[in-house]
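To start, the structure itself, in structure tokens.
The values are calculated or read from the model by the stated rules, or taken from the named source; none is laboratory data. In this text, all values refer to a predicted model and were calculated from it rather than measured experimentally. Cβ atoms come from the backbone with ideal geometry, glycine included; neighbour counts cover every protein chain shown. The area values use the complete protein model at the heavy-atom level, side chains included, leaving out ligands, DNA and RNA. Shrake-Rupley method; radii C 1.70, N 1.55, O 1.52, S 1.80 Å.
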Amino acid sequence: MAGQLISIALTVDQHDEGHYFWVLLESFDNSMEFEPLMEAAKGFHTYAEALQAGYVVLKGLSEDLNVGPREELDDTIAAE
């Protein structure tokens, strides 16, 4: 049984030096407040490049793209 779907958003920031960085944000408790989860270590020359790279990372967070990234269940709870 899979845990609850994790609410993750992908955005792109442009830093002062002009490079674009993808940022993954996570919302807890189904609120509309998001906190940084991960950010690109290096900048990209275009928004499109950063967006594509962030999307690859986001897809990698899910073992099955049909169900999306899920919280891990505690084994003791899952056994009950």
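Numbers below:
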item	result
Conditions (1) within 26 Å of Gln4 (Cα to Cα); (2) touching a strand residue (DSSP E or B) at 6+ places or on another chain (Cβ under 8 Å); number of the one not met by Val56	(2)
Number of positions in region 1-31 that are under 15 Å from the mean Cα position of the chain (by Cα) and either among the β-branched types (Val, Ile, Thr) or farther than 17 Å from Arg70 by Cβ (or both)	10
Answer residue from region 1-43, given it is of a type in the set (D, E, K, R), outside any loop (DSSP other than H, G, I, E, B) and open to solvent by 60 Å² or more (accessible area, probe 1.4 Å) and is farthest from Glu63 (Cα to Cα) among those	Asp13
So Met1, is it modelled with pLDDT under 90 and of a type in the set (A, V, I, L, M, F, W, C)	yes
Residue check, Gly60 modelled with pLDDT of 90 or more and among the small types (Gly, Ala, Ser)	yes
